[in-house]
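See below for the structure under consideration.
The values are calculated or read from the model by the stated rules, or taken from the named source; none is laboratory data. Model, not experiment: these values are computed from the prediction. Cβ atoms come from the backbone with ideal geometry, glycine included; neighbour counts cover every protein chain shown. These area figures cover heavy atoms from the full protein model, side chains too; ligands, DNA and RNA do not enter into them. Shrake-Rupley method; radii C 1.70, N 1.55, O 1.52, S 1.80 Å.
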Amino acid sequence: DMLQYHQPHTIPQTNTTTVRSSEITTHMMKSMTTISLPASLSLGIAALFLARAIPKCMAFSPTPAQRESVVKSYFDGVNKKNRDQIANCFTIEASITDVCALNSGERTVNSDVLADRCMEFLAAHPDCVVDFHYGPKCSHDDNWVVAHWYETGHWSGDSKGIKATGNPMTVEGQTRFLVNDDLKITKFVVTRTFTEWEETLQRNNV
């Protein structure tokens with residue numbers, strides 16, 4: 001009876017030894033595989049895993065102050081007459097809706113074209129200065145930045161083939177800027193008045 005009682009225990013011991021040997025072999029193979037991988041590849045796989053594991057809600061999202069700083073940089077570029085600074089505030093293609101213009105529909109404009117147009121305006125009004133009644137201020141529940149701005153100066157420069165009159169210039173407007181997570185202006189909607197030079201451009205269809 002004692003032999004019959006102890007006999008079944010000899011079989012699991014052999015199986016356990018076999019299983020443990022197999023586990024050790026598998027572990028060694030995995031270790032060798034890990035060691036044989038280049039460090040850069042291992043880090044790359046780890047980074048990919050982490051990127052997939054992080055929820056979208058935890059992805060980078062700029063603060064309202066950061067979005068506001070983009071719009072401030074745009075207006076600062078206007079005051080400094082800095083073409084590159086103006087262009088760098090926008091995505092390569094930006095959507096514009098100028099509510100008060102003759103062409104008031106939404107249109108897409110290349111950032112270089114937009115910056116060049118600003119420089120044509122500044123060539124006509126070289127002493128132009130931008131200031132604000134309000135903002136630029138970002139809404140805390142979306143990506144729009146609002147600014148109520150005004151410009152003062154004189155039409156003292158020739159631009160786009162139109163001779164200067166030397167008359168004083170005062171215009172104002174309200175603009176909503178959509179700033180994306182890459183901190184670039186991708187869209188803006190503006191309601192504004194026009195300078196004498198701009199009105200001449202519209203009459204001449206320039």
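A few notes on this one:
- When residues of the stretch 109-157 are limited to those that are charged (D, E, K, R) and assigned to a loop (DSSP other than H, G, I, E, B), the one surrounded by the fewest Cβ atoms within 10 Å (Cβ to Cβ): D141
- Hey, T191 in a loop (DSSP other than H, G, I, E, B), among the β-branched types (V, I, T), open to solvent by 60 Å² or more (accessible area, probe 1.4 Å) and farther than 19 Å from D116 by Cα or not: no
- Within the stretch 60-79, tally of residues that are of a type in the set (S, T, Y), in contact with a strand residue (DSSP E or B) (Cβ under 8 Å, 6 or more places away or on another chain) and not in a helix (DSSP H, G or I): 0
- Subset of the stretch 80-98 [in a strand (DSSP E or B), in contact with a helix residue (DSSP H, G or I) (Cβ under 7 Å, 6 or more places away or on another chain) and closer than 24 Å to Q202 by Cβ]: F90, A94
- Test for L183: is it outside any strand (DSSP E or B), touching a Lys or Arg at 6+ places or on another chain (Cβ under 9 Å) and surrounded by fewer than 16 Cβ atoms within 10 Å (Cβ to Cβ): yes
- Selection status of V171, β-branched (V, I, T), open to solvent by less than 10 Å² (accessible area, probe 1.4 Å) and in a strand (DSSP E or B): yes
- Just one residue in the set I92, I86 is open to solvent by less than 40 Å² (accessible area, probe 1.4 Å) and of a type in the set (A, V, I, L, M); that residue is I86.
- Unique match (being more than 13 Å from G173 (Cα to Cα) and over 24 Å from the mean Cα position of the chain (by Cα)) among C128, C118: C128
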